[in-house]
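Working notes, beginning with the structure itself.
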Amino acid sequence: MTNVEDRKTELRELVAEVLEIEPDELTDHGDFVEDYDGDSLRAIELLARIERKYKIEIPQQELATMRDFDAVYAVTAGYAGWRS
């Protein structure tokens, strides 16, 4: 992956899989809990999958901020060292 759009597409697919929705249903600002019926177990699963896929470690405290796709991307990019 070399650019932001490719990374976002790949991450969107991962998040959608965890939330059990189609990637095109996942909006940038849709709240995982309110809009997609996410729960704490799915949040932990999402964190684990991101860590495995990108070989990074994200503290569980970050879960509080990872409530929509844009936030997940921002946190992942920050820990993975991706540049915008």
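The values are calculated or read from the model by the stated rules, or taken from the named source; none is laboratory data. Model, not experiment: these values are computed from the prediction. Ideal geometry is used to build each Cβ from the backbone, glycine not excepted, and the neighbour counts take in all protein chains shown.
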Conditions (1) surrounded by fewer than 18 Cβ atoms within 10 Å (Cβ to Cβ); (2) in a helix (DSSP H, G or I): number failed by Leu47
(1)
For residues that are among the aliphatic types (A, V, I, L, M) and part of a helix (DSSP H, G or I), scanning just the stretch 8-28, find the one that is nearest to Ala77 (Cα to Cα).
Leu11
Which one of these does Gly81 not meet: (1) small (Gly, Ala, Ser); (2) exposed (fewer than 13 other Cβ atoms within 10 Å of the Cβ); (3) touching a residue at least 40 places away in the same chain (Cβ under 8 Å)?
(3)
Which one of the conditions (1) at pLDDT below 95; (2) outside any helix (DSSP H, G or I) does Glu5 fail to meet, given that it meets all the rest?
(2)
Residue match in the stretch 53-63 (condition: closer than 20 Å to Glu20 by Cβ, at pLDDT 95 or above and exposed (fewer than 15 other Cβ atoms within 10 Å of the Cβ)):
yes
For the stretch 50-73, how many residues are part of a helix (DSSP H, G or I) and either more than 22 Å from Glu5 (Cβ to Cβ) or touching a residue at least 12 places away in the same chain (Cβ under 8 Å) (or both)?
14
